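The values are calculated or read from the model by the stated rules, or taken from the named source; none is laboratory data. Keep in mind the model is a prediction, meaning the values are calculated, not measured. So basically every Cβ, Gly included, is an ideal-geometry build from the backbone, and we count neighbours across all protein chains shown. Calculation scope for accessible area: heavy atoms of the full protein, side chains included, ligands and nucleic acids excluded. Shrake-Rupley method; radii C 1.70, N 1.55, O 1.52, S 1.80 Å.
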Amino acid sequence: MEVQKFEKFEVLVKEGDAGAGALYIILQGNVRVRKMMGGKENILATLSDGDLFGEVSLFDHGTRSADIVANSDGVLLKIDAKEFERLVDQQPEIATPFLAALAVKMSTRMRADN
């Protein structure tokens, strides 16, 4: 796990980039999830303290599906897939509730998209 500071207007994740299997939890700050369409910004969501992004990449290591842009200065916790796999193997009592909460978050997002 790695704590990363970010600055307002910084592009934290770029659509199409290799996901590298990492999940980010916003410890402090505010970001927007966007897609650029025809040169215009289409904001899909705004995320803040306690929210997360990159969860799909944690499992499929696929490319990023949207940009994440900082609306403010802030701090992220980055959890890469290898660290997460180690947590699952070595501390399942911590990983299991985290996975359950992640499943609920992903289900909520999928329902909202439908």
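Modelled label positions at Val3 and Phe59, each set 7 Å beyond Cα in the direction of Cβ, lie 3.0 nm from each other.
Compared with the dominant principal axis of the Cα atoms in the chain, helix 92-113 is inclined by about 30°.
The C-alpha atoms of the chain define a longest principal axis, and helix 81-90 lies at about 20 degrees to it.
Once the other residues with Cβ under 10 Å from the Cβ of Arg32 are scored (Lys, Arg +1; Asp, Glu -1), what is the net sum?
Neighbour charge sum, excluding Arg32 itself: -1.
Using the Cβ-Cβ distance between Asp89 and Asn30 with R0 set to 41 Å, the FRET efficiency works out to roughly 0.75.
For the listed peptides 22-31, 47-56, 93-102, 9-18, a ranking on the average number of other beta carbons within 10 Å per residue, highest first, reads 22-31, 47-56, 9-18, 93-102. If you sort Arg32, Arg86 by accessible surface, 1.4 Å probe, largest first, the order is Arg86, Arg32. For the stretch 55-73, the residues whose backbone nitrogen is under 14 Å from a point 7 Å from the Cα of Asp49, taken along Cα to Cβ, are 73.
Remark: relative contact order (the chain) = 36 percent; criterion is Cα-Cα distance under 8 angstrom and separation of 6 or more residues. Counted by Cβ distance under 10 Å from Gly21, the other residues give a net charge of -3, where Lys and Arg count +1 and Asp and Glu count -1. If you sort the three axes of the alpha carbon gyration tensor as a ≥ b ≥ c, you get a/c of 1.5 or more for the stretch 1-43 and a/b no higher than b/c, which makes it oblate.
Centre-to-centre separation between the Cα atoms of the stretch 71-114 and those of the stretch 1-60: 14 Å. If you take all other residues with their beta carbon under 12 Å from the beta carbon of Ile43, and give Lys and Arg +1 and Asp and Glu -1, the sum is +2.
Each of Gly39, Ala18, Ser107 was placed along the dipole of the chain (beta-carbon charges, centred on the mean Cα), and the one lying farthest toward the positive end is Gly39. Near the amide H of Gly29, within less than 5 Å, lie the amide hydrogens of Asp49, Val75, all on another chain or at least 5 residues away, with H placed in the peptide plane. Shape class of the stretch 1-72 from the Cα gyration tensor (axes a ≥ b ≥ c, square roots of the eigenvalues): oblate, since a/c reaches 1.5 or more and a/b does not exceed b/c. For the chain, a Gaussian network of Cα nodes joined below 10 Å ranks Asp89, Asp60, Asp80 by mean-square fluctuation, and the top entry is Asp89.
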